[in-house]
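The block underneath contains the structure these notes are about, expressed in structure tokens.
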Amino acid sequence: MFTLRLVPAVLATALAWGTAAGAHAQALKAAPAQAATAAVASAFDGVVEAVRQTVVAAQVSGAVVQLEAKVGDRVKAGQVLLRIDARAADQNAAASNAQVQAARASQDGASKDFERQKQLFLKNYISQAALERAESEFKATQAQANAQLAQAAAARTQSGFYVVRAPFAGVIAEVPVSLGDMAMPGRALVTLYDPAALRVTAAVPQSVASQMAAGVLPRVELPGLPATAAWVTPTRVQLLPTVDAATHTSQIRTDLPAGLTGVSPGMFARLWLSVPLAQPAAGASAASAVLSVPLQAIVRRAEMTGLYVLDPSGKPVLRQVRLGRVDGDRVEIMSGLMAGEQVVSDPQAAARAR
């Protein structure tokens, strides 16, 4: 009698538990597995480059006697970076100035003599030949003075080569010389770049470059920066028309916005391109399409990767899947799931409802 009375109580308890579990399962948040978007972001390694970067080289020979440039300094256009010993050049410039003064003195004397000869010729005191000789001497001294002026200007220009100035405002990236080093024509003295004009250059396969989504700017990731500043939207993208014959890749250049802090040439970067996915062939089943689910729905237990899928009765069932690319807050499912199946977005709630 005791057993018969206990059976209805057990059945009632099991029925109540099953009803609560079914209600809990129905309360689970689930979303259907969707076909992946028509384009997926693919990452390609790149490097930060300066759009405007120059290597200032020596134009004359001499010892470096003054060095004002240090790596990391910000300089203005025309600011003195270093000086080369210019004593010999200064002496040549002084000699040229003295020759100019002598030529001008000769020119003044010849000019006055020519004026006197013209007055005498008007009074018929000298012949036409004498006047022509005076005029020829005056023109010769005038030409000599002009030649000395040009030579003095060249000497002054040569003296200017001994003072190295910044061609534009920027940041000093490298100074390969030290005080006292011998500068020779063509030897690099200072490397300067403009921090306001930077870009990211990446090599991408030719097949990917030809399928880039038109009018869509890629995203740039700078892993060396804090997470809040690591993602940057470029202002312009350029695909170079040449292809590397050895690697069959094309170069893509993306201009970075001005004012970025902590970004310098040579930094590692990733270029995320929106590449269209291959569409399934006509007549292919929906199961062959690439599916995507919310990233938070993925369950990882030891070596198993899976997600909870609702069966026809609404009960969550753990199923093993194979993952693909991660795009934002969604992840591709390569196998183990069919289009339209309901995927639980909260794995912990699904585990409690089982």
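Derivation of every value follows stated rules applied to the coordinates shown; laboratory data play no part. If you're wondering where the values come from, they're calculated on a predicted model, not measured in any experiment. With ideal geometry, Cβ positions are generated from the backbone for all residues, glycine too; neighbour counts draw on all protein chains shown.
Sorted on the mean count of surrounding Cβ atoms within 10 Å across their residues, most packed first, peptides 258-268, 156-166 read 156-166, 258-268. For the range 93-227, go through all pairs of different Cα atoms, get the mean of 1/r, take its inverse, and jot down that Kirkwood value in Å. Value: 22.4 Å, from the Cα pair sum. Taking 0.36 nm per residue of sequence separation and removing the Cα-Cα distance, the R104/R301 pair yields an extension gain of 61.2 nm.
Please find the FRET efficiency linking F121 to A150, where r is the Cβ-Cβ separation and R0 is fixed at 22 Å, and quote it to the nearest 0.05. Computed FRET efficiency for F121 and A150: 0.10. The stretch between Q91 and A246, if pulled fully straight at 0.36 nm per residue, gains 50.2 nm over its current Cα-Cα span.
For the listed peptides 131-137, 305-311, a ranking on the average number of other beta carbons within 10 Å per residue, highest first, reads 305-311, 131-137.
Placing dummy labels 7 Å off each Cα toward the beta-carbon, the span from S313 to L179 is 8.8 nm. A full extension of the chain between R83 and Q238 corresponds to an added length of 51.8 nm, given 0.36 nm per residue minus the alpha carbon distance. Legend: calculated FRET efficiency, A188 to L260, from the Cβ-Cβ distance at R0 = 41 Å, rounded to 0.05, equals 0.90. What would the Debye formula give as log10 I(q)/I(0) at q = 0.17, 0.18, 0.24, 0.26 Å⁻¹ for the alpha-carbon point model of the range 299-351, no solvent? Log10 of I(q)/I(0), two decimals: -0.53, -0.59, -1.04, -1.18.
Here K315 is the anchor, and the lysines within straight C-alpha reach of less than 25 Å, apart from those fewer than 8 places off in the same chain, are K29. In µm²/s, what is D for the range 108-184 at 25 °C and 0.890 mPa s, where D = kT/(6 pi eta Rh) by Stokes-Einstein and Rh is the Kirkwood radius from Cα pairs? Using the Kirkwood radius from Cα pairs, D works out to 142 µm²/s.
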